[in-house]
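Here is the structure we will look at, set down as structure tokens.
The values are calculated or read from the model by the stated rules, or taken from the named source; none is laboratory data. These figures come from a predicted structure and were not determined experimentally. Neighbour counts are summed over all protein chains in view; Cβ atoms, including those assigned to glycine, are modelled from backbone coordinates with ideal geometry.
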Amino acid sequence: MDVFLFNLQIAAVSALLIALHSLRERLGLAPLYVATGVLLAFLMVGSRLSLVAPVLGGEVGRYGSLFHLPLIMVAVGLVYTLDGTREARRAIAGIALASLLLGALAVLTSTHMEMYGADLAIKGRERWLHPGLWGIGASTIALVADGLVILVVYQGLVNRLPWMPLFVALALAITCGTVTDGVVFRTLNGQLLSSIVLTDVVGKLTAGVAASIPVAGYVSLQLRRTSPDVRHGLLNRSALDVIALRKRIAELDERVKQVRDVLSRYVVADVVQEILANPQELQLGGELREVTVLFSDIRGYSTLSETQSPTEIIGLLNRYFGAMSGIIDEERGAILEFEGDGILAVFGAPNRLPDAAVRAVRTAKAMIEEVDRLNEEWNADGSAESWRAAGVPSFRIRVGIHSGPVVVGNIGSETRMKYAVIGDTVNVAARVENLNKKLGTMLLFTRATADQIEGADIAVQNLGRHQVKGRAEHIEVLSPVDVPPMVDAIRALAEP
């Protein structure tokens, strides 16, 4: 009779935990977690007071581990089955930390009792002295093992035996978790073969059943009330979901890397990094920024596209864009557009660059040098013969650079947007690039850019002020001394 009444009390407190969990829609899981912490505290107190509880067979066991422990396991089972693996991990971690904190408090209590001469003649006080760090650690490890056993056993039964009623699977899982505590704790303390272990196992077995019956019925009822999609997500999980967490994190990291690599081919790599780090900040709008804009296009591209097949043109552009992208990336520029044969790149956004103008001019010179190397390859493999026959003596590019204020940010709509730079600075860079045709040059930049590269060991020549399309005022342009005019570069390439 004593055993029945004892386990009836466990079932009643289990029902109270269920009531706290049922309030999660209004109050969250905080009330349940607080109750679990209280149970942990009473577990510690009960173990120190040497209280006993009835066990089948007329024996007695430890009150704390037979009464409070099964209820702590009930809390883990509730959270895992109805709130998911993440919350279950948090619950188990919280229980472990609370156990360590309570152990630390027990040590402090023992210290104070020794310092102030507590009367140890009072029954029960002797157990508060010297609680032992190993015992505290063993208890914490056992609690973590209990929680993991519940998760793995329950999910394993659901996955392997789908015909089994859910309340049976959960009752068995909570019971196994409760029994695990005694085995793990006694093993860590070298008491696995002692006679008290059998009493512990029998007591925890009956207590686990008593605690799990109410919660198993509650979980089954809640799952029947959920939508099919939610129920499918709660039931169909890996049996080793928690144990395999590190593997899943590694797989997720690999997927994120793949997404980053793919997106970086369409969007500026720095923008992709910012989006993944702060997705909540992905919204329309921009900020004013001082940048340097670089425009480039291919001389004679219209003639090339007329004389080459679409496949040949795509192969040519891909080879050219690939080479140019490497140079721009090396100088930390951001390619915003491939516009037909043109490239629009910006230096100083999205990442700020104090030497943006110097990097842009250095990039342009490297691009022109790289085109020389590409011409050598195309001459060697015969690709250039068809260009010459069509009146294009060599593959050449024109580059225009301008520095000034722009608005950088996301433009578009709520469903589709892109990172862009907007402002007159962009228009001027495009006009300067086009001015190369009139002056017979390959690289031009404005006075605003020239002022920012002073002292950068780049010798320049002033080519005067010129009228450009769409602007009333003339624009002063300059060019590096060591970049030859377009005609001279073509002639040099044609010479043996």
(message) Of all residues being at pLDDT 70 or above and touching a Lys or Arg at 6+ places or on another chain (Cβ under 8 Å) in the stretch 36-64, which is surrounded by the fewest Cβ atoms within 10 Å (Cβ to Cβ)? Just the residue, please.
(response) Val52
(request) Quickly run through the stretch 339-378 and pick out the residues that are within 13 Å of Ser296 (Cβ to Cβ), among the small types (Gly, Ala, Ser) and not in a loop (DSSP other than H, G, I, E, B). (result) Gly342, Ala345, Ala360, Ala364, Ala366
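Does the stretch 354-375 hold any residues that are among the aliphatic types (A, V, I, L, M) and surrounded by fewer than 16 Cβ atoms within 10 Å (Cβ to Cβ), and which are they?
Hits for the stretch 354-375: nothing passes.
Would you be able to tell me the number of residues in the stretch 21-31 that are among the hydrophobic types (A, V, I, L, M, F, W, C) and over 29 Å from the mean Cα position of the chain (by Cα)?
At the first step, the residues of the stretch 21-31 found to be among the hydrophobic types (A, V, I, L, M, F, W, C) are 23, 27, 29-30.
Remaining after also requiring over 29 Å from the mean Cα position of the chain (by Cα): 23.
Within the stretch 21-31, residues that are among the hydrophobic types (A, V, I, L, M, F, W, C) and over 29 Å from the mean Cα position of the chain (by Cα) number 1.
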(request) May I ask you to verify whether Val392 is part of a strand (DSSP E or B) and aliphatic (A, V, I, L, M)? (result) no
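Can you go through Glu476, Glu454 and tell me which one is surrounded by 12 or more Cβ atoms within 10 Å (Cβ to Cβ), assigned by TED's automatic domain parsing to the domain that holds Ser302 and acidic (Asp, Glu)?
So the residue among Glu476, Glu454 that is surrounded by 12 or more Cβ atoms within 10 Å (Cβ to Cβ), assigned by TED's automatic domain parsing to the domain that holds Ser302 and acidic (Asp, Glu) is Glu476.
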(request) Can you work out which of the residues in the stretch 418-438 that are at pLDDT below 90 and surrounded by 15 or more Cβ atoms within 10 Å (Cβ to Cβ) is nearest to the chain's Cα centre (by Cα)? (result) Tyr419
(request) Return the only residue of Arg299, Arg332, Arg319 being within 25 Å of Gly404 (Cα to Cα) and either among the aliphatic types (A, V, I, L, M) or in the same structural domain as Leu374 (by TED's automatic domain parsing) (or both). (result) Arg332
(request) Hey, can you tell me all the residues within the stretch 336-353 that are at pLDDT below 90, surrounded by fewer than 22 Cβ atoms within 10 Å (Cβ to Cβ) and not hydrophobic (A, V, I, L, M, F, W, C)? (result) Glu337, Glu339, Gly340, Asp341, Pro350, Asn351, Arg352
(request) Please find, within the stretch 376-402, the residue that is surrounded by the fewest Cβ atoms within 10 Å (Cβ to Cβ) out of those that are under 25 Å from Ala430 (Cβ atoms) and touching a Ser or Thr at 6+ places or on another chain (Cβ under 7 Å). (result) Val392
(message) Take the conditions farther than 21 Å from Leu172 by Cα and over 28 Å from the mean Cα position of the chain (by Cα) and apply them to Leu105. Does it pass?
(response) yes
(request) Kindly establish whether Val272 is modelled with pLDDT under 85, over 30 Å from Ser383 (Cβ atoms) and buried (at least 17 other Cβ atoms within 10 Å of the Cβ). (result) yes
